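Please read the structure below before turning to the comments.
The values are calculated or read from the model by the stated rules, or taken from the named source; none is laboratory data. None of these values were measured; they are calculated from a predicted model. With ideal geometry, Cβ positions are generated from the backbone for all residues, glycine too; neighbour counts draw on all protein chains shown. Accessible surface areas use protein heavy atoms only, side chains included; no ligands, DNA or RNA. Shrake-Rupley method; radii C 1.70, N 1.55, O 1.52, S 1.80 Å.
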Amino acid sequence: MDQQQTSSPNKTTVLLQECIQLVLSYLQFNQLPTLCSLLRVNKTLFQLTVPILYLNPFLIVRSRGIWSEDEKAERLEHLLRLFISELDPAIRAQLPPLAYVDEDDEQEVWTSSTSSTTVDSPQDAAAIPEVSRGYFYHYRRLDHSFLASRAIPKVFATFSRTQSQAVLAQLDKVFLQHCGGRALSICMAAHRVRSFVGMIPILKCLRRIELHRMECVADENLQEIVDWIKTHNDTHGTLRELQMGGHSEYDNKYYDGDADSQLNDFRRYKASEFDDDDTNSRRDLALLPQTYRTLTELDTRSWSGAWPMIDQVPVEDLFRLVMDYGEGVAPDKGTSFMLRCKGLKVLDLYVPAQDTFRDVAYLFKSRFHPHSVSEDNLQSMAMPQSAIASTSTTPSPLAPVKNALTDGTAILPPVEKLYISGHHDNLRNALEDAPVGLSQTLRILKVTSMERYTVEKPSITWGYPSLHVQMPFLVDLQLQGDIALEFHFGVLRSCPNLISFKLMVNGLFSCGQPGNPIDEILSLRKLQCLQLLGKWPLTKEFVHGIGTRLTGLKMLDLARCFGVELEEVLESVEGLEFLWRVGWDMEEVSGAEELVERWRVRMPRVSVGFIQANEFYA
């Protein structure tokens, strides 16, 4: 009995730390202020939070929208120096000598014949907190070639594009040597794969490969990459993720050969891996994912020929699939590849055709709502290929479904997070079919329209009234662009557990539509974040209902809405216990400063004003 009493607290503590660690893992990229605050709570949270912050510090700095480019460059420089200080002196000696800025802000090159003097300046070394040492587990989780734009020139005093690229390549190898068996990912230029062959023995935990400079892939390069993957599979067998594309280069058109002008103007360099054209349409690039023994994550970022070849990609074990290019000739088997994705949780797709999700919707209806499958659908399954091709942008998607249903191989993909974009017509059909087919698992649905479109009346009904779809797990719904005007508010009855609901429409015209009142929003009793960005018509009754029915609301953004005054909104939501932010277009409010100051006294916990994008998604 005594032994149980003494051992019980230890078990409870271990379980608690594991739970907290899992929760904190979801805050890595979008809740940086929260993570920084947790550092100061206690020793346990400090030990759990610091590894997350230093797991990918460069990307965290790069993605912070509230910092200017100069502030980001300063932080990237400091992080790079901190990273270098972690290296073993023997490994650090492989790098060029470092530069530092003295008290007079004069840049000097620090040279020495000994490896011990190639560390940071005394000022920088003193600024590095002792508690942060040793937490850099691996070098680059994602592409960090943007370091060559401003951080590397400042840290190493490089004057040209070639010099900075050479230093970046050295950093790759040096940090891989430093990480050794702990490295989880590696970034390789497609034409330089041969230089990484000798590192295969030490990359025993490698999970992810990021291939850059995809436009350089030729027959010889492709075979080298395939051989590299096969060799690693035979040696370690740990590869699971593949990203095809994503790199940054200098802006060549500004290069004039003047070293002094380049050193004084670092803004001439591009700072994003998406700035350059890095696309390749070769169909035989399908050999790369096919070479993997087990592929759980695939990002076809720069492979413009991914869509026609998607039915040749092993998708059975995929957990995450990203396809930015949804154009080109349709795959031979249509969109039936989704019915083979038995483990797919995250799907980020540029919708290529109007019938992209028709297979998934039909399979769901035939299994759970057979009465909703009309005779027309059954007849279309038996239609010849030529007849279907005349009315669809892809080969028959229903014929593969029929075969799969017959032999029992069709699987509804368990997608939890769905991000889709594309042209309006394709999106409209996808937004009608995808939520129906994925209704039993979908948690997050975000849709972005890529073009302006005139919408006379909403068409998104999710099969209502003939089909009553329930989406019990959907907590985040966001529609951006004119596709939001296709949304019928009546379908909100299908997702009563929504926590975040955002409709964002640009334009000067009213978003109101006859027969489509926004009052259905008030039925979302669990809503915590509501954003109606655009010319949405509001009524006093609706605003009053926000304060009485949406009692859990934390953020309310009604910027550019019309029909009520800001004063009326604030009076209605004054009693909300958890509300801390109200968004409004203050340029249209007379006496805005006096009004905000008056309500700051009445509701000190609530901040009123226009909500910037970087604040809303912080």
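Tabulated data for the structure shown
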quantity	calculated
Selection from 497, 515, 546, by position along the positive dipole direction of segment 471-612 (Cβ)	497
Debye log10 I(q)/I(0) at q = 0.19, 0.21, 0.26 Å⁻¹ for segment 473-546, Cα point scatterers	-0.78, -0.97, -1.47
Loop chymotrypsin sites (Phe, Trp or Tyr not before Pro), segment 542-607, which have at most 15 other Cβ atoms in a 10 Å radius of their Cβ (DSSP)	578, 580
Over 31 Å between alpha carbons, listed pairs 365/417; 72/502; 154/230	154/230
Average accessible area per residue (Å²) across segment 41-99 - probe 1.4 Å, nucleic acids and ligands excluded	41
Coil-residue trypsin sites (Lys or Arg not before Pro) of segment 444-542, DSSP, other Cβ within 10 Å capped at 11	452
Accessible surface, per residue, of segment 485-618 when the full set of protein chains is kept, probe 1.4 Å, Å²	47
Loop-located GluC sites (Glu not before Pro) in segment 544-600, at most 12 other Cβ atoms within 10 Å (DSSP)	577
Pairwise FRET efficiency - residue 40 versus residue 67, Cβ, R0 = 35 Å, nearest 0.05	0.95
Sulfur and carbon atoms: percent of accessible area, segment 466-618 [1.4 Å]	54
About the Cα centre, charge dipole magnitude for segment 35-90 (Lys/Arg +1, Asp/Glu -1 at Cβ), debye	300
Given 457/540; 43/173; 43/204; 446/535; 204/446, the pairs whose alpha carbons are separated by over 28 Å	43/173; 43/204; 204/446
Cα centre as origin, Lys/Arg/Asp/Glu Cβ charges: segment 404-495 dipole, Debye	260
Local electrostatic count at residue 459 - Lys and Arg +1, Asp and Glu -1, tallied over other residues with Cβ under 13 Å	-4
